[in-house]
Structures are given as structure tokens and as C-alpha cells.
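Working notes for the structure below.
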Amino acid sequence: MKYLCALALAGCGNLQGFGGPVPPLTTYTVQITGQPSAPLAHPQIALVWGMQWLTEALCILPPENQQAAAVLSAGCRDPFGFVPLRVDANVPTDLVSPTTVDVYTLPTADVMVGDLTARVAYASFVLYDDRNDDGLLALARPNRLGVPTAGPGSETGPTDQTDLVYGASFVTMTAPDQRVGYREGAFIQSAFYPRAGCGDPPPAFSVLAASGFSPFAAVQATLAGTLPQEDDPSQCVQAAPADQPITVPVQPPANVKEVACTENNADSSVRYREPPADTPDFTNRVYACVHLPSFDGTTSSVIELIVSGRTDDACVGITHYVLSGCREDPNCGTPDWDVAPPSWWPC
Amino acid sequence: MLVRSIVIALVALAFTHAPAAHGDDRLLSDDTFAVKSTGTLRLDGAMLVAMPSALPSGMATGLSAGITRECGCLLAYGARVQWAYISESSTFWNVTQQDLRLRATGSLRHAFGRGSLALQLGLGTNIVYEDRTRAQGMAAMLSGSALETRAVAALPAADLEAVVALHVAGPWLMIASGGPSVDILSGNLRGGWTAELGVGWQP
């Protein structure tokens with residue numbers, strides 16, 4: 001019929017060009033369970049892709065002293081927690097009825113882990129109160145002392161968080177989760193939010209669920225050079241987005257705020273800083289003097305000053321000061337700085 | 001050294017066997033570029049570039065063929081068929097369109113020396129075949145109409161072209177043309193352009 005129409009030399013047919021409705025690449029259904037203690041001004045759901053992140057050594061080794069324990073308690077995030085890298089879809093929700101979240105673009109290469117023949121990305125649905133009503137979930141970063149916002153050693157992004165997170169489908173690997181998976185090519189199990197004991201994620205978009213593993217199992221597996229097994233493999237789910245709704249339980253914001261905290265360094269490396277001449281603002285921060293951490297049981301001769309973030313910061317983090325060294329290594333051969341202890345230096 | 005020897009030998013061989021130049025075998029003679037066109041019918045083929053019929057941007061390329069009959073010294077009429085292809089992408093779509101442009105043409109022409117200049121009006125239709133693929137759709141394993149859509153449409157169209165034809169040798173001409181064009185897409189008049197460069201044959 002279309003061809004007859006065309007041959008009739010009349011203006012007919014339905015050319016769309018670049019216009020017309022755009023079909024989503026996939027659609028997820030998100031159900032909120034529970035109610036927040038106070039009404040939310042602008043409740044929204046965001047699809048947040050995670051980054052591959054390793055905590056710094058200081059946060060997983062036993063603290064050297066009581067002061068150090070206080071700093072690590074205030075400045076270290078959950079080493080098994082979900083760390084966001086990029087926010088994709090943002091959709092309003094009424095907190096009651098299932099919310100449909102359309103995904104129009106694939107995850108970008110920076111959130112996928114693996115090579116071109118086998119890579120995977122994971123995301124979490126985050127419930128938040130869009131308190132500044134900009135329609136977007138903003139990701140904050142730790143509020144470290146003396147960090148430049150440009151040039152070497154800089155960290156970008158806001159340190160304050162206007163939006164308030166109330167829940168996420170994937171908060172930490174040590175608790176049951178439901179996550180969004182996106183797989184290209186083959187699947188190779190890696191330490192990128194591992195789900196050992198569960199089946200492989202299906203190709204393209206999927207819904208994945210797992211029971212989580214205990215921190216003890218994670219430590220044991222790491223020492224054995226393996227991946228931690230999920231506590232309950234019967235909770236493993238690999239499903240198509242249309243077949244499996246995702247549940248986001250409402251939680252106290254203090255329990256889930258790290259879901260909106262991103263990191264500038266993903267490889268557990270530490271950025272050391274030269275102590276300033278004037279006393280840093282230690283208000284609402286705790287600090288301690290510790291030796292450089294090591295995994296081989298030896299004690300380093302280098303002493304560093306570690307400072308936590310403020311108690312009212314959106315994201316936790318630690319600032320590291322050394323009297324001599326380079327930005328990435330206090331033991332570098334040619335130090336970028338080598339200064340005498342300033343008058344305020346407590347170590 | 002060996003290579004050099006071989007080259008010298010080949011050159012010597014070529015000269016040894018080169019035929020003597022004779023007047024009858026010359027590639028160019030006095031009447032090589034003589035115009036031998038006496039008829040009124042002209043066929044031509046050309047390469048085509050044009051603004052796509054139904055896309056807001058890009059440049060379609062293709063082929064064109066036509067027949068023209070000259071009647072008297074001022075008028076000509078004929079028909080043309082053009083095929084143009086374009087593939088463009090946006091954030092969400094990879095769009096391929098093929099245009100089949102059919103025209104009945106009428107021209108006002110003026111002959112001068114070996115050449116002629118004409119103002120040619122073409123009326124007809126652009127039959128557009130469109131194939132759209134959702135960008136990233138295959139990676140997301142979309143299927144059916146969510147992945148790909150096809151459509152065919154016929155758009156009323158017209159173009160006005162300046163045509164320059166130059167007799168080169170014998171019955172052969174070089175022809176260049178170009179000018180504005182319009183079509184009606186979804187009830188809206190759209191402007192465009194078209195240009196051709198080709199060869200004509202007028203025995």
C-alpha cells in the first residue's frame with residue numbers, strides 16, 4: 001500500500017527523520033517500600049551507575065591508636081559500599097505507586113569495567129529528595145582540607161549536598177541488593193561489585209539481585225585470593241528489566257547518604273599534602289598522628305597527620321599531611337616539599 | 001644494479017618495438033573536437049549532490065539521468081530521474097534515506113557557440129525510502145519497531161536549475177547544472193538545492 005501510495009505521486013507516507021517519539025532502550029519498574037519520617041518536597045528516583053573503587057589501606061588496617069580509630073571512624077566510608085560515578089535518569093515518584101524509569105542511553109565507557117569484548121556496568125536506583133528542585137541528583141565528594149579545585153592534586157565537584165538520599169536498591173555488597181546490570185560481550189567475574197555464586201548477568205540491561213556477603217567472608221576470600229561467595233545463592237536473580245521490578249526500601253538518610261558520594265581517586269591511592277604554615281581549620285574534625293600504613297607488618301618511619309572531615313559534611317574522607325614527600329608518595333626520591341614542622345604541627 | 005639493468009632493458013625493448021608515427025594513426029586530428037551533433041534529442045548522465053528531501057541537514061549524493069528534446073532554438077522539454085542517498089545520525093537515530101526524484105522538465109535555452117545555457121524547471125515527485133535505526137538499540141538488544149522503522153513517502157517537488165551544456169567532442173557534451181528546489185513534507189514547504197555534473201550524448 002505504501003508503495004502504491006508513493007507511486008501515486010502524492011504527498012503521503014510517514015517519514016520521521018530525526019523526529020518522532022524515541023523508544024527507550026529499556027524500562028525499569030521501581031517500587032518504593034516504606035515511608036520517610038517526614039514528607040519529601042520533591043521525591044525522585046535516579047539511576048546511578050557505580051564506579052570501581054578501592055578504599056585506602058588505612059581504612060582496612062587496624063587503627064594504630066585511639067585517636068586514629070576516631071579519625072578512621074569519622075573519615076572512612078564503607079569499603080564494600082556502592083560508590084556512584086554517573087547519574088543517568090531522574091524521574092519523579094509519588095512513593096506509593098510503581099515508578100517507571102525509561103533508560104534512553106547506554107552507560108558510558110567510563111562506568112563499564114572490562115575490555116571491549118567483555119565489560120559490565122552496575123547501577124543502583126536511588127530515592128532522594130530533590131530539595132533544590134533542579135531535577136537532578138547531585139553527587140558530592142569528601143570535604144578534605146586544602147584541596148585545590150584546579151591543577152595538580154585537585155578534586156572537582158561540590159562538597160556539600162543539597163539533595164537528601166532516602167534509599168537505594170544497591171547500597172553495599174554486605175547487604176541484600178537489587179542492582180541494574182548492563183553487559184556487553186562475554187562476562188568475566190571480577191572484583192567489580194562481585195556476585196560469586198550467582199549466575200552471570202544476561203547480555204544488555206538486566207535486573208540482578210544477590211544476598212550479599214559478610215565482611216568476614218570478604219576478608220577471608222581476599223586473603224585466599226578469591227572472591228567472596230554470596231551468603232545465600234538462592235536469592236540470586238538474573239532477570240530482564242520487564243520481568244523483575246526493583247524495590248527501594250526507605251531508610252534513614254544517615255544510613256544511605258554515601259550512595260550520593262563519589263570519589264576522585266578510584267585505586268586506593270592517597271593524595272598527600274604539604275602542611276600549610278597557618279593552622280588548618282580543625283573545627284568539627286578529628287585528627288591523629290600515625291605511621292604510614294603497610295601490609296607487610298613493618299612500621300614505617302614516616303609519620304603522617306590524618307584529619308577527618310567535618311561532622312556535618314555530606315561525604316566522609318581523610319586528609320593526609322606529611323612533612324616531606326610527594327603528592328602520591330611520601331617516600332619519593334625527590335620530595336616535592338620538605339618542610340620543618342609548622343608551629344601547629346601536632347605530631 | 002640488477003634492477004637498473006632490467007629497467008634499461010625494458011626501455012630499450014619498448015623503443016625497439018614502438019610503431020612509427022603515421023598521420024593516419026594520430027590520436028588527435030583536426031576534427032577531433034568538431035561538433036557532430038545534428039539531432040534534437042539529448043541523453044545525459046550525471047553525478048548528483050543535493051539537500052536531502054526529508055532531513056534537515058546533510059548532503060545527499062547520487063546519480064542522475066535525463067532525456068531532453070530541443071524544439072526550436074529557445075525551448076526544450078524532457079524528463080529526469082535522480083537517485084540520491086544519505087545516511088545521517090543524531091543522538092537517538094541513525095537515519096538512511098534514498099530519494100528517487102522524478103521530474104518532467106521544461107527549459108528556456110539559448111545556444112551560443114559550442115554551448116548552451118538553459119533555465120530548467122522540473123516538476124514531479126520525490127519518492128523517499130527511509131530506514132531509521134535506534135542508536136545503541138542493537139547493543140541494548142531492542143527488536144522490531146523499537147529498533148528499526150521503515151517508511152516510504154512521495155513528496156510533491158519542484159526545482160529550478162541553471163543548465164550549462166558544452167559540446168566537447170563529436171556527440172559528447174559536458175553538462176553542469178544546479179539550483180534551488182522545494183518539496184512538500186508533512187504539509188510544509190521545504191527549500192533545498194541540487195547540483196549535477198555529468199556527460200551528455202547528442203547524436
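The criterion of at least 2 residues that are among the β-branched types (Val, Ile, Thr) and within 14 Å of another protein chain (Cβ to nearest Cβ) is met by the following strands (runs of 3 or more DSSP E) wholly inside the range B:49-129: B:75-89, B:93-112.
Screening the range B:139-197 for residues that are within 18 Å of the chain's Cα centre (by Cα) and of a type in the set (D, E, K, R) and picking the one that is nearest to the other protein chains (Cβ to nearest Cβ) gives B:Asp159.
From the list A:Val171, A:Val180, A:Val120, the one residue that fits, being within 14 Å of chain B (Cβ to nearest Cβ), within 15 Å of the chain's Cα centre (by Cα) and crowded, with 21+ Cβ neighbours inside 10 Å, is A:Val180.
For the range B:72-101, what are the residues that are crowded, with 18+ Cβ neighbours inside 10 Å and under 16 Å from B:Leu160 (Cβ atoms)? Scanning the range B:72-101 gives B:Ala76, B:Gly78, B:Arg80, B:Gln82, B:Arg101. Scanning the range B:13-26 finds no residues that are surrounded by 10 or more Cβ atoms within 10 Å (Cβ to Cβ), at pLDDT 70 or above and not charged (D, E, K, R). Residues of the range A:124-150 that are out of contact with any helix residue (DSSP H, G or I) (no Cβ under 7 Å at 6 or more places or on another chain) and closer than 17 Å to A:Glu263 by Cα: A:Ala138, A:Arg141, A:Pro142, A:Asn143, A:Arg144, A:Leu145, A:Gly146, A:Val147, A:Pro148, A:Thr149, A:Ala150.
Does the range A:233-247 contain any residue that is hydrophobic (A, V, I, L, M, F, W, C), at pLDDT below 95 and buried (at least 17 other Cβ atoms within 10 Å of the Cβ)? Within the range A:233-247, none of the residues are hydrophobic (A, V, I, L, M, F, W, C), at pLDDT below 95 and buried (at least 17 other Cβ atoms within 10 Å of the Cβ). Restricted to the range B:33-43, and to residues that are assigned to a strand (DSSP E or B) and modelled with pLDDT under 95, which residue is farthest from the chain's Cα centre (by Cα)? Here the residue is B:Val35.
Residue count for the range A:141-192, restricted to those that are in a strand (DSSP E or B) and either within 23 Å of A:Glu328 (Cα to Cα) or among the aromatic types (Phe, Trp, Tyr) (or both): 2. Taken as a whole, the structure places B:Ala151 among residues that are touching a helix residue (DSSP H, G or I) at 6+ places or on another chain (Cβ under 8 Å), of a type outside the set (Ser, Thr, Tyr), part of a strand (DSSP E or B) and without any contact (Cβ under 8 Å) to a residue 24 or more places away in the chain.
Identify, by number, the condition in (1) in contact with a strand residue (DSSP E or B) (Cβ under 9 Å, 6 or more places away or on another chain); (2) over 30 Å from A:Pro201 (Cα atoms); (3) part of a loop (DSSP other than H, G, I, E, B) that A:Gln251 doesn't meet. So A:Gln251 meets the others, but not (2).
The values are calculated or read from the model by the stated rules, or taken from the named source; none is laboratory data. Because the structure is a prediction, the values reported are computed rather than measured. Don't worry about glycine lacking a Cβ; one is built from the backbone with ideal geometry, like all the others, and counts go over all protein chains shown.
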